[in-house]
1. Could you compute the FRET efficiency for T92 and K21, with r as their C-beta to C-beta distance and R0 at 25 Å, rounded to 0.05?
2. At a Förster radius of 25 Å, what calculated FRET efficiency corresponds to the Cβ-Cβ distance of K121 and H161, to the nearest 0.05?
3. In the calculated pair distance distribution of region 99-179, what percentage of Cα-Cα distances lie above 20 Å?
4. Rounded to a whole number of µm²/s, how large is the Stokes-Einstein D of the chain at 20 °C and 1.002 mPa s, given Rh as the Kirkwood radius over C-alpha pairs?
5. When only Cα pairs under 8 Å and 6 or more residues apart are kept, what is the percent relative contact order across the chain?
6. Hey, can you find the accessible area per residue of region 29-109 for me, probe 1.4 Å, expressed in square angstrom?
7. In whole angstrom, how far apart do the alpha carbon centroids of region 20-86 and region 124-169 sit?
8. Under unit Cβ charges (Lys, Arg +1; Asp, Glu -1), what dipole magnitude, rounded to 20 debye, does region 1-68 have relative to its Cα centre?
Amino acid sequence: MKQTKLPWIEKAKEYIGTAEKVGKAENPVIVKMWEQTFIATNQEEKLKQAVWRTENTPWCGGFVGFILSSVGLTKHIPQAFPLARAWASAGTRLEKPAYGCVVVFSRNGGGHVGFVVGKDKFGNLMVLGGNQGDAVNIKPFAKSRVLAYRWCGTQSHPAPHRYELPVLGSDGRVSRDEA
């Protein structure tokens, strides 16, 4: 399988292990994600709101926006990026998952967003995202929860080989904790 590295996936991998802090202190890296993405989308005034200076606000959309803005793909970030479901209109719509695409999931009480980086032997999507169990990691997700696949790359569509998802190790237990 031909897989070449994608800058946004390589950048996202650098943050694996970033997690919320226990107690009153905030993880400054997560707060920086909010700040950088609001600045990148010309919404600096929202930084005055306390809800965006915390890791307690669901931050999966902030993570995806932060990663895309870090690699010069700000044009794909929706204005309502903190809302995971807003990502269902970002970039180009895809019919099926491609390595590196943005994937939007339903979730009781909202949604979740991350990057597809593979599949597991059980048929689940392997997703690199933030706020997955309060951290940045790669976890399996059930395809039945998918609302949208979106391509937010440097080209309007992924190269054909990106649809050949690599198989990654997993215990098959799908994520249920993204709040």
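The values are calculated or read from the model by the stated rules, or taken from the named source; none is laboratory data. As the structure is a prediction and not an experimental result, all values here were calculated from the model. Here the Cβ is made from the backbone with ideal geometry for all residues, glycine too, and neighbour counts use every protein chain on show. Protein only, heavy atoms only, side chains kept; ligands, DNA and RNA dropped before computing areas. Shrake-Rupley method; radii C 1.70, N 1.55, O 1.52, S 1.80 Å.
1. Details: r = 37 Å, r/R0 = 1.46.
Using R0 = 25 Å, I get an efficiency of 0.10.
2. Values: r = 20 Å, r/R0 = 0.82.
According to the calculation, E is roughly 0.75.
3. On the way: 871 of 3240 pairs.
Of the Cα pairs, 27 percent sit more than 20 Å apart.
4. Details: Rh = 16.1 Å.
D, rounded to a whole number, is 133 µm²/s.
5. On the way: 366 pairs, mean separation 41.7, N = 179.
Reported relative contact order: 23 percent.
6. On the way: 3470 Å² over 81 residues.
Heavy-atom accessible area per residue stands at 43 Å².
7. Centre-to-centre distance over Cα atoms comes out at 20 Å.
8. Numbers: 10 positive and 8 negative charges, 36 e Å.
Roughly 180 debye for region 1-68.
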